[in-house]
Amino acid sequence: MSVARTHRGFTLIELMVATVITSVIALSVAGLLSFVGEMSAGQENRVSAVVRLAGVQARVARLALEARMVLEERADRVALWLPSEMLEGAESGSESNFDIINLEQDEIVWLVWEDVGNGSWRLLEQRPDPDALNLVELEIENLEVYFTPDPAYWDSIYTWLHDNDALDTSVLAEGLEAPIIGGVATASPAFRFAAGTNCTARWFAGEYAFAQEEAPINARFDAAIAFPDPHPLCGGAS
């Protein structure tokens with residue numbers, strides 16, 4: 001069973017939310033300089049890093065503002081649940097739109113650090129690819145999955161999609177390195193987040209560095225779920 005989309009006009013509340021989203025992204029970009037670390041490679045490199053960081057921060061902030069929940073948080077990967085249906089009047093249960101996550105309707109997006117070798121990294125945005133899903137031997141009936149607070153389950157979903165080449169990938173940033181934090185070189189770029197479960201997750205950050213010949217330029221982005229809508233299995237909405 002697939003979840004049907006309903007086409008309708010914007011309500012006043014939705015227009016207000018859109019305004020808030022635009023304002024928050026603008027503010028996050030305006031404050032980017034506070035996230036840029038040591039910049040000793042010259043003005044041109046500093047300007048380039050700020051511009052690139054602005055693009056990453058704006059995209060990640062937009063995804064977080066559209067998200068209902070964080071499904072999975074790992075050092076190398078974050079999964080966001082993006083709603084495709086209105087939840088007003090939704091009830092929990094196996095047939096509820098609230099529970100169903102349709103892999104063909106852009107309801108899950110992963111942010112992933114990818115090691116491309118020789119100390120170089122990329123930041124990817126990945127979603128299930130509907131065209132590819134139709135070509136593989138399906139292991140998930142009707143391409144629908146159901147909410148669970150178990151992070152191992154979401155890891156298995158990502159692994160299944162990855163192994164079946166069923167992910168649509170966009171590169172948010174490349175030419176990245178592991179950052180130096182507190183004078184100590186780290187092993188890789190990483191996501192940071194508060195301890196807890198996907199029921200309580202509200203915030204995450206990414207720490208990385210832009211590769212430069214002179215010296216890497218440390219950078220960081222932060223994102224928050226501005227309008228959380230936790231699943232009833234989490235104990236009710238907040």
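The values are calculated or read from the model by the stated rules, or taken from the named source; none is laboratory data. Nothing here was measured: the structure is a model prediction, and the numbers come from that model. Note that we place each Cβ from the backbone using ideal geometry, even for glycine, and neighbour counts take in every protein chain shown.
L123: more than 21 Å from L233 (Cα to Cα), modelled with pLDDT of 95 or more and surrounded by 14 or more Cβ atoms within 10 Å (Cβ to Cβ), yes or no? Yes; evaluated as a whole, the condition is true for this residue. Might you check whether a residue that is modelled with pLDDT of 90 or more, under 18 Å from L133 (Cβ atoms) and of a type in the set (A, V, I, L, M, F, W, C) occurs anywhere in region 93-108? Within region 93-108 (the criterion being modelled with pLDDT of 90 or more, under 18 Å from L133 (Cβ atoms) and of a type in the set (A, V, I, L, M, F, W, C)), the answer is yes, since at least one residue qualifies.
Within region 183-196, can one find any residue that is exposed (fewer than 15 other Cβ atoms within 10 Å of the Cβ), closer than 24 Å to P149 by Cβ and of a type in the set (V, I, T)? No.
Quick check: anything in region 159-170 touching a residue at least 40 places away in the same chain (Cβ under 8 Å) and among the aromatic types (F, W, Y)? Scanning region 159-170, I find no residue that is touching a residue at least 40 places away in the same chain (Cβ under 8 Å) and among the aromatic types (F, W, Y), so the answer is no. Screening region 35-57 for residues that are small (G, A, S) and touching a strand residue (DSSP E or B) at 6+ places or on another chain (Cβ under 9 Å) and picking the one that is modelled with the highest pLDDT gives G55. Among the residues of region 133-161, those identified as at pLDDT 80 or above and either farther than 20 Å from A190 by Cβ or surrounded by fewer than 14 Cβ atoms within 10 Å (Cβ to Cβ) (or both) are Y146, F147, T148, P149, D150, A152, Y153, S156, I157, T159, W160, L161. In region 58-92, the residue that is modelled with the highest pLDDT out of those that are assigned to a loop (DSSP other than H, G, I, E, B), of a type in the set (G, A, S) and surrounded by fewer than 21 Cβ atoms within 10 Å (Cβ to Cβ) is A75. Could you please give the count of residues in region 213-237 that are touching a Ser or Thr at 6+ places or on another chain (Cβ under 9 Å) and farther than 17 Å from A75 by Cβ? Going through region 213-237 one residue at a time, the tally reaches 10.
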